[in-house]
Amino acid sequence: MSDLKLLEYLESYLTENRKQRFKTVLAQRTKYFTVATEDVYQLHNTSAVIRSCDVFGIQEVNIVEEINSKRIDREIAMGAQKWVDLNRYHTTKSCIEDLKSKGYQIVATSPHAKGCDLIDFDISKRSCFFFGRETEGLSERVLEEADCFLKIPMVGFTESLNISVSAAIILQHVTSKLRQSDIKWQLTDEELIEKRFDWIRKTLKDYNAIVERYMLQR
């Protein structure tokens, strides 16, 4: 739906603070980078990753549930699932194919990968950062299909981080570099309008009734 008059009408039901908040947050949203979690077993890990995506302005999260199918933990996500778009896949294969068709390079994150350190990551390409299961890590399919490998340098006895922590560290770094660059990373005008409608729908309890009244007045 792209009726701007309807959008203006719906926004009249929001407080000025809410409208300004939407505008401020949307100005920082991006689909240039995205994240994928592959069969993460611990429910709170996927939820925490979604929360980090919201915090750092990542609009889409891709969730592969080939083995483990879990509901999103609302308490951990802290409502982030309302503002971040979740794309769910039954297989890793379908997820990778879809992401590549959208122009994303597949970035396999692993502490043992022979790839680049986070500090050296090239942000010039649209990327999806893959995070694997807590103990097994990423599947062979992701490792085979990956366009590049990324790791967070570690100097302690511990050789790995919780995936939600890894996601937060990586996203903070790459989004900071992105916003300091000349890359056009913002949402398109069409995407901005779509999200305004979506977020209003998720905010107004009587959304459908309000739209119906508007249509009757036309």
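The values are calculated or read from the model by the stated rules, or taken from the named source; none is laboratory data. Since we're looking at a predicted model, the values are computed, not measured. Using ideal geometry, Cβ is built from the backbone for each residue, glycine included, and neighbour counts are taken over all protein chains shown. Heavy atoms of the whole protein, side chains included, go into the accessibility calculation; ligands, DNA and RNA do not. Shrake-Rupley method; radii C 1.70, N 1.55, O 1.52, S 1.80 Å.
Taking the conditions exactly as written (of a type in the set (Lys, Arg) and within 23 Å of residue 35 (Cα to Cα)), does residue 196 satisfy them or not? Spelling it out, residue 196 is indeed of a type in the set (Lys, Arg) and within 23 Å of residue 35 (Cα to Cα). Residues that are small (Gly, Ala, Ser) and not in a loop (DSSP other than H, G, I, E, B) within region 153-201 comprise 164, 166, 167, 168, 176, listed in sequence order. Of all residues in region 125-144, those being within 18 Å of residue 101 (Cα to Cα), open to solvent by 70 Å² or more (accessible area, probe 1.4 Å) and either in a loop (DSSP other than H, G, I, E, B) or in contact with a helix residue (DSSP H, G or I) (Cβ under 6 Å, 6 or more places away or on another chain) (or both) number 3. Filtering region 1-18 to residues that are closer than 23 Å to residue 56 by Cβ and charged (D, E, K, R) leaves only 18. Counting only residues that are assigned to a helix (DSSP H, G or I) and exposed (fewer than 15 other Cβ atoms within 10 Å of the Cβ), how many does region 204-218 have? Selection size over region 204-218: 8. A residue that is more than 17 Å from the chain's Cα centre (by Cα), at pLDDT below 95 and under 25 Å from residue 47 (Cα atoms) can be found somewhere in region 162-178.
Considering only residues in region 55-105 that are open to solvent by less than 80 Å² (accessible area, probe 1.4 Å) and at positive phi, the one that is modelled with the lowest pLDDT turns out to be 79. Under the condition of being modelled with pLDDT under 95 and either under 13 Å from the mean Cα position of the chain (by Cα) or open to solvent by 10 Å² or more (accessible area, probe 1.4 Å) (or both), the residues counted in region 22-39 number 1. Residues in region 161-178 that are in contact with a strand residue (DSSP E or B) (Cβ under 9 Å, 6 or more places away or on another chain) and open to solvent by 70 Å² or more (accessible area, probe 1.4 Å): none.
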